[in-house]
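Asks: Have a look at this one before I ask anything.
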Amino acid sequence: TVFQGSSDVNMRAEQVSYGSEDLNELEVNGNWTPQEKALHEARLKAKAKRRLRKSSSRDSTRESLSDSVSGEPTADPHSPKGKTAVNDRKSRTGKGRGLPKKGGAGGKGVWGAAGMVYEVEELDANDPNYDESGDTVYATVVPELDERELEKTINPIVQEYFEHGDTKEVEMLLKELNLGHHKYEFSSLAVSLSLEGKASHRELTSRLLSDLSGKVLSESDMSRAFDKMLKELPDLILDTPEAPQMLGQFIARAIADHAIPMSFLDCYKGKVDCDHARAALDRASVLLSMKREIMRLDNVWGVGGGQRPVKHLIKEMNLLLKEYLVSGVLSEAERCLRDLEVPHFHHELVYEAVVMVLESTGDAALQMMVKLLKIFWKTGLITLDQMNRGFQRVYDELPEISLDVPHAHSIMETFVDLCYQEQVITKQLRDSCPTRGRKRFVSEGDGGLVKS
């Protein structure tokens, strides 16, 4: 029975290898075993795959046949000789149409197919920069500074301005910032910093507010800033006792420079309860009533430092020295010299001090001037260069001074020696002091002959 079953299977396999018509007849008969059915399904699937493969490669087969007919040998893509065109985009398996992928418009770093024209991109209504007029505007957005970052950003700008004094640079820096609704606080911060500084700093601040008015800051911003400072006077007076008077001068100068309107003072009449704010407003009102028709309040802070005329500086130094000779207070003389803020002009003080010694009578002025120059030298208020220039100017003018002061040379030698002993001047400067040789005569009976 075993041999008979195997022979039956062989016979049925031979019958399956016939045409499809015989298979259909056998299937109709219903005499298939499960093994025969599985084998039949596998053959049908393989046949369908062959038909699909044959239809897809029909074009490539025709091209290969035409190439073989023309007599051109085809290279094996898997052989070393067939790999000469490494960058060739054509298929190497003999399938496909042999054209580049996507017509040359695919892959990395590809701009697109030749002759491709890109259409104009349509505007998106959901774009945050969308403009209904049809033009989309792209602009750099600078975030607004908050209260914490505002002071950290403004303080360095104002401190640098006190050094260079260029209002245009400050204007450029402020335009790059987005101060937003905190713009008015720039004026209040600048004024607060100048209250703690020198008179020259307050003059620079008034000039800055005048130049920024109408360009970066409006009148309402200025008025709002001064209103805030009037309310903060009780706190400002703790660090600067003269804050009410100074703020009043700032307000008067701002009104004179047309940075804030004249009606600013009228808004506070009868409405101020704080004594400090009332003092500031009274100070501004007095200054404006005194100088409204005479001149603008350009000198409300005085002219600072090197901006003062030379004659004015010489007058101030002479007054300083005369007050010192009367009072003898060194600290007051030092303070007055520092307030002048002209370190490059201190040689004039040395010159005036030496000339005052030559023109004085007695040794009191000589001793006091040596003491004064010694203090200025030790504290570094007068540098070596300024000291040398002051003495050298006296050396050069000593012949003219001796016409009015006959004993100028002898007094000068005494003063220079004393200054050298107190280490005020150098040995080289002492040795360069000019001396006038004295003519020594013989006795009257020699006929006025000069002794050789």
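Asks: Based on what the data block shows, is residue 382 outside any helix (DSSP H, G or I) and under 54 Å from the mean Cα position of the chain (by Cα)?
Replies: Criteria met by residue 382.
Asks: With the condition kept exactly as written, say whether any residue in region 235-251 is closer than 16 Å to residue 268 by Cβ, assigned by the TED database to the domain that holds residue 155, among the acidic types (Asp, Glu) and more than 23 Å from the chain's Cα centre (by Cα).
Replies: no
Asks: Out of all the residues in region 282-317, which are open to solvent by 60 Å² or more (accessible area, probe 1.4 Å), of a type in the set (A, V, I, L, M, F, W, C) and modelled with pLDDT under 70?
Replies: The answer is 294, 295.
Asks: If you don't mind, there's one more thing I want to ask. Within region 213-227, take every residue that is open to solvent by less than 60 Å² (accessible area, probe 1.4 Å) and in contact (Cβ under 8 Å) with a residue 12 or more places away in the chain and give me the one that is nearest to the chain's Cα centre (by Cα).
Replies: Filtering region 213-227 for residues that are open to solvent by less than 60 Å² (accessible area, probe 1.4 Å) and in contact (Cβ under 8 Å) with a residue 12 or more places away in the chain, the one nearest to the chain's Cα centre (by Cα) comes out as 216.
Asks: Note down all Cβ pairs under 8 Å where the first residue falls in region 413-430 and is under 17 Å from residue 357 (Cα atoms), the second is open to solvent by 30 Å² or more (accessible area, probe 1.4 Å) and hydroxyl-bearing (Ser, Thr, Tyr), and they're at least six residues apart or on different chains.
Replies: Partner pairs satisfying both residue conditions: 413/435; 420/426; 430/420.
Asks: Any residue in region 148-174 that's on the phi > 0 side of the Ramachandran plot: show its pairings with residues that are assigned to a loop (DSSP other than H, G, I, E, B) and open to solvent by 20 Å² or more (accessible area, probe 1.4 Å) at Cβ separation under 9 Å, as long as the two are six or more apart or on different chains.
Replies: Hits for this filter: zero, empty list.
Asks: Any chance you could count how many residues in region 318-364 are within 18 Å of residue 398 (Cβ to Cβ) and of a type outside the set (Phe, Trp, Tyr)?
Replies: 12
Asks: State which residue is farthest from residue 241 (Cα to Cα) when the search covers only region 175-207 and only residues that are free of Cβ contacts under 8 Å to residues at least 60 places away in the same chain and among the polar types (S, T, N, Q).
Replies: Of everything passing the filter in region 175-207, 178 is farthest from residue 241 (Cα to Cα).
Asks: Let me ask you something else. Count, please, the residues in region 352-402 that happen to be among the aromatic types (Phe, Trp, Tyr) and over 16 Å from residue 333 (Cα atoms).
Replies: 2
The values are calculated or read from the model by the stated rules, or taken from the named source; none is laboratory data. This is a predicted model, so every value here is computed, not measured. When we count neighbours, we look across all protein chains shown, and the Cβ atoms used for this are built from the backbone with ideal geometry, even at glycine. Just so you know, the surface numbers come from the protein's heavy atoms only, side chains and all, with ligands and any DNA or RNA stripped out. Shrake-Rupley method; radii C 1.70, N 1.55, O 1.52, S 1.80 Å.
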